[in-house]
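Written out below as structure tokens is the structure these notes cover.
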Amino acid sequence: MRLIQVLVPDDCRDAVLSVLDDERIDYVLTREESNGDNSAIVQFPLPAQAVDRVLSDLREAGLSDDYTVIGSVETARTPNIQELEDKFVKGGDEDDSIATEEIRTKALGMNPSPVTYYAMTVLSAIVATAGLLLDSPAIVVGSMVIAPQVGSAMTASVGLVLNDRHMIIDGLRSQILGLVVAIVSATIFGWALKTAQFIPPSLNVVTVNQISQRISPGFLSVAVGLCAGAAGALGLATALPVSLVGVMIAAALIPAAAAVGIGLAWGPPVIALGAFVLLVVNAVSINAAGGGVLWILGYRPVEGTTLRKAAPTLVAVAVLLTAFSGSGLVMSKQMQTENAVNEEVQSVLEQERYQQLELVKIQVEFDDMGTLDDSQQITVVVRRPTNEPYPQLSERLANAVSGRLDGKTIVEVEFTESQRSVART
């Protein structure tokens, strides 16, 4: 429920009140004499779903936005409030979208102070780093809960669709600096753990499941970012809570930033590069999906926006497209590499001599297209019967895969053993 207060000049008062009367909206009119003009304050309660439509009708009647206040109230008791609720909430005349004026304030209100924002980012990055190294999904989820990235992401998305230069700059700047702080924090924390030998320096971080999932970006990574941004925009634009959506947005950003830091602390550099590409893809996807959903919901810049005034939005869109194109090209190469490896491994394991083997997992190192390393590391995990050796399996897999990839191909096969018994009564 919202309480609206608007300043109505005398020259359009009759038209404004006529709109309210036509919609059967109960209002109170108070003379306003503080500025010496002939005007009045009109206040009235409305369901949140009706605010945007009613304010649009009032603007068409001549009302300006010189003084418009939208406040939240717990409840309202007026003669026609039940009829308005039946019409706009239960009757489906409008969707759940909130007013344009309100969405801007709501997005800005989700941002904590800079000290709190960066402090919580540091803490969430450290927790995410610990969770990744411990291979603990519960701890990684905990880092998402305390991460504050949802506010900056939604501020940028709202700024894009409303062509608000300050919101675009503040949102993108907070996101970029926040992720840089997260990466630096994870790198320092990981280096300290390695130096103090709380974690063995010889640890191959690629073998840690929670880390290996975040160093090879693919289509599913893009899907996560797009869904997180879309869900954040829907939560922001409606009366729904955004707190849970914030966890989803953090899930796409903070663990990836922590993985970059771990890659920088432990190496090899290709680990950090793979996680960084994933981070860029997710960040761009969140902003693009958030802005796209808000546009679909009908949020637009104020009337009279010229091409020159739209420059901030156009520049921001160009930056996002450039970032997504570059990272998308690298991600596309990684997807091609993974598809080729999967096909060849499956082809070898389908041979009659390997019918007793069961494929568990294929881990393909990030394909940096020879930028840092011209070799391609592939790990294949298979389940075999107890004490059944397959000494030439890795060689056959390497020969099969190398024909599809450039450079040197290294295939490592890990076996897990199984026993099977059948008892009859």
What are the pairs, 6+ residues apart or on separate chains, where a residue within the range 190-213 that is closer than 20 Å to Ile254 by Cα has its Cβ under 7 Å from a residue that is surrounded by 15 or more Cβ atoms within 10 Å (Cβ to Cβ) and small (Gly, Ala, Ser)? Gly190/Gly261; Gly190/Ala265; Trp191/Ala265; Val206/Ser212; Gln210/Gly131; Ile211/Ala259
Given the criteria open to solvent by 10 Å² or more (accessible area, probe 1.4 Å), under 28 Å from Gln197 (Cα atoms) and either modelled with pLDDT of 85 or more or out of contact with any Pro (no Cβ under 7 Å at 6 or more places or on another chain) (or both), does Gly267 qualify? yes
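Name the one entry in Glu417, Glu388, Glu395 that is more than 22 Å from Pro269 (Cα to Cα), part of a strand (DSSP E or B), out of contact with any helix residue (DSSP H, G or I) (no Cβ under 6 Å at 6 or more places or on another chain) and open to solvent by 30 Å² or more (accessible area, probe 1.4 Å). Walk me through how you get there before you give the answer.
Values: Glu388 fails: part of a strand (DSSP E or B); Glu395 fails: part of a strand (DSSP E or B).
Sole residue among the options that is more than 22 Å from Pro269 (Cα to Cα), part of a strand (DSSP E or B), out of contact with any helix residue (DSSP H, G or I) (no Cβ under 6 Å at 6 or more places or on another chain) and open to solvent by 30 Å² or more (accessible area, probe 1.4 Å): Glu417.
Yes or no, residue by residue, for (1) assigned to a helix (DSSP H, G or I); (2) open to solvent by less than 30 Å² (accessible area, probe 1.4 Å):
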position	(1), (2)
Pro112	no, no
Ile126	yes, no
Thr155	yes, yes
Leu160	yes, yes
Asp170	yes, no
Ile176	yes, no
Matching residues in the range 128-140 (assigned to a helix (DSSP H, G or I), in contact (Cβ under 8 Å) with a residue 40 or more places away in the chain and farther than 14 Å from Ala186 by Cβ) number 1
Regarding the range 291-305, can at least one residue be identified that is exposed (fewer than 14 other Cβ atoms within 10 Å of the Cβ), in contact with a strand residue (DSSP E or B) (Cβ under 6 Å, 6 or more places away or on another chain) and on the phi < 0 side of the Ramachandran plot? no
Identify, by number, the condition in (1) surrounded by fewer than 22 Cβ atoms within 10 Å (Cβ to Cβ); (2) not in a loop (DSSP other than H, G, I, E, B) that Pro255 doesn't meet. (1)
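Can you name the residue in the range 1-32 that is part of a helix (DSSP H, G or I) and touching a helix residue (DSSP H, G or I) at 6+ places or on another chain (Cβ under 7 Å) and is also least open to solvent (accessible area, probe 1.4 Å) among such residues?
Quick first cut of the range 1-32, residues part of a helix (DSSP H, G or I) only: 10-22.
From what is left, the residues that are touching a helix residue (DSSP H, G or I) at 6+ places or on another chain (Cβ under 7 Å) are 16, 19.
Values: Val16: 0, Val19: 28 Å².
Checking each candidate, the answer is Val16.
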Looking only at the range 344-368, how many residues end up being without any contact (Cβ under 8 Å) to a residue 40 or more places away in the chain and either out of contact with any Lys or Arg (no Cβ under 9 Å at 6 or more places or on another chain) or part of a helix (DSSP H, G or I) (or both)? 9
Selected residue [at pLDDT 90 or above and over 25 Å from Trp266 (Cβ atoms)] from Thr116, Thr121: Thr116
Would you mind telling me which numbered condition in (1) open to solvent by 60 Å² or more (accessible area, probe 1.4 Å); (2) at pLDDT 90 or above Val260 fails? (1)
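The values are calculated or read from the model by the stated rules, or taken from the named source; none is laboratory data. Computed from a predicted structure; not experimentally measured. FYI the Cβ positions are ideal-geometry reconstructions off the backbone, even for glycines, and counts take in every protein chain you see. With ligands, DNA and RNA removed, areas are computed over all heavy atoms of the protein, side chains included. Shrake-Rupley method; radii C 1.70, N 1.55, O 1.52, S 1.80 Å.
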